[in-house]
Every structure is written in C-alpha cells, then in structure tokens.
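The values are calculated or read from the model by the stated rules, or taken from the named source; none is laboratory data. Because the structure is predicted, anything quoted here is derived from the model rather than measured. Glycine gets a Cβ as well: all are built from the backbone with ideal geometry, and neighbour counts include every protein chain shown. Remember, those area values only see protein heavy atoms, side chains included, never the ligands or the DNA or RNA. Shrake-Rupley method; radii C 1.70, N 1.55, O 1.52, S 1.80 Å.
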Amino acid sequence: KELQGAQPEVIKEGDREQEQQLAAALEPSLSIGVEGVQATLDFQNVSEVRVNYYEMDLEFLFSTNPFVSSGTSRFAIIQPNKAILMKLQGEKGAKVFQLPAEYQASNVIVEVIGGGKKASAAVYANELKTTLSDSMGLLTVRHEKTGKPLPKAYVKVYADTAKGVKFFKDGYTDLRGKFDYASVSSTGIGEVRKFSVLVMSEEQGATVLEASVPQQ
C-alpha cells in the first residue's frame, strides 16, 4: 500500500518502528528550492503557508554573516519586504510558483512558514558562471551566457575556523577570470574548515558560494 502512495499504518500495536513511521508521515514538513525565477515548494500536511520576501544588500549581509546560505533564520527578527499567503492542495505534493516581478532581478531571501515549520532559500540575481577547483583553491568566473572570462570581478573570502568566522582575503579576478581564494602570505590554512566566497561584478551581479579547503 505504501508503494502505491498510502501512508504507513501501525499493523502491530507497540511496534516502535511502525509507530515512528506513522508519526513521521503525519508530521508537517516544508522545503523550498529556487531556480531562476521559479520556486518549488515541497510540502506535507500543511494547508497554507506565508511566503516572505526579504531584499538583500548582499555585500553588507555577507560581511555580517558570510555563511548566509546556512543562516537565513536571522531574517525572522525583521519585517519582510513582501508577504503573500498561499493555499496548498492535498496532504502532500509540490507547489510551483513564480517570484514576484519586482524580485526577479534582485538578491532576495524567500522564506515559507506554515504548519509550525519554516524553510528558506537565498536567491542571487546574476549572470555569473562560477567554477571552483577545490584541489587547487582556484575560482574561475565567466559570463553565464557567453562563457567569456570576467576579469576585475571583486572577490571577498571569509573562513570558518575553530575560533570562529574571520575575514581571509579579497581581491579581483585576473584577465582569465581566475582568483586564488585559498592562498595568503601571512598565515597558512591549517585551521580553516571551509570558505565562503562573495563574487561581485558591476554588470553581471553577485553571488555567494561555499568552498572546501584544498588538501595540503
């Protein structure tokens, strides 16, 4: 029955595994992903959600919370720029919707709240194609549509260490659109667990990505 879409049942009273599976099937859940201007909300046991939109000053936000993609809950303490109530059909499924026109070319946090659950995603409006060579600590920035290298793109790097998050380095991509994000002259990277990298181009927009530490 479950293979055909039915929810789990408790066949044997007192069976802990069966009871846990039923409880999980009845629990509300939300998750959201955004690609381009289209958002997909996967839900279970939630009939209505509020969709909040928070405009981002990306460089300021990055400097105060470099690992923004895993820290969007901080927006809960401020008022959203726009809020929309959305009805959901069925016990579970996927709801696809477009971002509002005014945010389709903006850096924005999309947050959904409903059924006592919350999910969020950061959306970066840009025409950047970024490639990370983790083994070498090298970032390459190209134009998304033409594939041409983007020189003079500003890059700011923060490091997550055992002693906390700290500024690591900044600079600009070279003529090949490349930037060494992991090397500094003053200290090694032995204490770094991961990097967060901001890439900004005056014409092609901005994005934030996380990078692993090159193997020494």
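Values as computed for the structure displayed
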item	result
Inter-residue pairs, beta-carbon under 8 Å, first free of Cβ contacts under 8 Å to residues at least 60 places away in the same chain and within 19 Å of Phe62 (Cα to Cα) and in the range 119-145, second open to solvent by 50 Å² or more (accessible area, probe 1.4 Å) and β-branched (Val, Ile, Thr), 6+ apart	none
Residue within the range 142-156 that is out of contact with any helix residue (DSSP H, G or I) (no Cβ under 6 Å at 6 or more places or on another chain), open to solvent by 30 Å² or more (accessible area, probe 1.4 Å) and of a type in the set (A, V, I, L, M, F, W, C) present	no
Condition check for Gly205: within 24 Å of Gly36 (Cα to Cα) and open to solvent by less than 30 Å² (accessible area, probe 1.4 Å)	yes
Every residue from the range 120-139 that is under 21 Å from Gln215 (Cα atoms) and open to solvent by less than 40 Å² (accessible area, probe 1.4 Å)	Gly137, Leu139
Checklist (1) open to solvent by 20 Å² or more (accessible area, probe 1.4 Å); (2) in a strand (DSSP E or B); (3) in contact (Cβ under 8 Å) with a residue 40 or more places away in the chain; (4) not aliphatic (A, V, I, L, M) applied to Ser196, failing item	(1)
Unmet criterion (only one of (1) modelled with pLDDT under 95; (2) out of contact with any Gly (no Cβ under 9 Å at 6 or more places or on another chain); (3) of a type outside the set (Phe, Trp, Tyr)) for Leu85	(1)
Test: residue in the range 67-89 that is under 19 Å from Thr40 (Cβ atoms), out of contact with any Asp or Glu (no Cβ under 7 Å at 6 or more places or on another chain) and open to solvent by 80 Å² or more (accessible area, probe 1.4 Å)	yes
